[in-house]
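The values are calculated or read from the model by the stated rules, or taken from the named source; none is laboratory data. Everything numeric here is computed off the predicted structure, so don't read it as measured data. Note: ideal-geometry Cβ built from the backbone for every residue, glycine included; neighbour counts use all protein chains shown. Heavy atoms of the whole protein, side chains included, go into the accessibility calculation; ligands, DNA and RNA do not. Shrake-Rupley method; radii C 1.70, N 1.55, O 1.52, S 1.80 Å.
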Amino acid sequence: MKLPILAAALTLVAAPVFAQDVTGLWQTQTNGGQVEISRCGNSLCGKLVSSDHIRSDPSVKDEKNKDASLRNRPLKNMQMLYDFTGGPTKWTGGKVYNAADGGTYSGTITLLSANELKLKGCIVAPLCKTEKWTRIK
């Protein structure tokens, strides 16, 4: 009789620790990207730390940005995720910047496990793209 109660208690204790674990360095599915997700006030944000393009040319610029005034900014450490709110395992209302096409999309982040998340970016539903990212650290 005590074992089910203990298991339930451990589940309740483990949930908040898991939920707060979205911050860290994540490997994207495309272009060898590595994104550092952190807390920015009451929301989540993320910056592009590295990618295949950055590794081959650390000074590579955001040349495809739809805003011409931003095309000279470096891709390295550029904020590409911002304004995600919610939790403990799903954050919504955020924006995802895609340097490959210079577009900004509505996004959601869902923590699937301690080491895997799902990032979904949409022009308008159902025109969305989803990637699974894996934790580096």
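Each residue of region 72-89 was assigned a 3J(HN,Hα) from its phi angle through the Karplus curve 6.51 cos²θ - 1.76 cosθ + 1.60 (θ = phi - 60°); the sequence is 9, 6, x, 6, 4, 6, 6, 6, 10, 10, 7, 6, 7, 10, x, x, x, 10 Hz, with glycine and proline shown as x. Per residue, the convex hull spanned by the Cα atoms of the chain measures out at 115 cubic angstrom.
Distance between the C-alpha centres of region 96-137 and region 45-82: 17 Å, rounded to the whole angstrom.
Distance between the 7 Å Cα→Cβ label points at Arg135 and Asn31: 2.6 nm.
Sketch the reach of a paramagnetic label on Leu127 as a point 7 Å from Cα along Cα-to-Cβ, and name the residues of region 95-110 whose backbone nitrogen lies under 19 Å away. Counting only backbone N, you get 95-108. Counting only Cβ charges, +1 for Lys and Arg and -1 for Asp and Glu, the dipole size of region 79-137 around its Cα centre is about 180 debye. For the chain, the 222 nm mean residue ellipticity estimated from helices alone, with every DSSP H stretch of n ≥ 4 adding -39500 (n - 2.57) and the total spread over all residues, rounds to -5000 deg cm²/dmol.
Extending 7 Å from the Cα toward the beta-carbon at both Arg55 and Ser106 defines two label points whose distance is 3.5 nm. Considering only Gly32, Met78, Thr130, the residue lying farthest towards the positive end of the dipole of the chain is Thr130, judged by Cα position with unit charges set on Cβ.
Around the amide H of Met78, modelled in the peptide plane, lie the amide H atoms of Leu48, all under 5 Å away and 5 or more residues distant in sequence or on another chain. Atom-type composition of the exposed protein surface of region 86-129 places 57 percent of the accessible area on carbon and sulfur (1.4 angstrom probe). Helix 2-19: angle to the longest alpha-carbon principal axis of the chain, degrees 0 to 90, nearest 10? Computed tilt is about 20 degrees.
The charge dipole of the chain, taken about its Cα centre with unit charges on the Cβ of Lys, Arg, Asp and Glu (plus for the first two, minus for the last two), comes to roughly 120 debye.
Positive-end ranking of His53, Thr110, Val96 along the dipole of the chain, with charges on Cβ about the Cα centre, is headed by Thr110. In the elastic network of the chain, a GNM with C-alpha springs shorter than 10 Å, the most mobile of Thr92, Thr30, Thr110 is Thr30.
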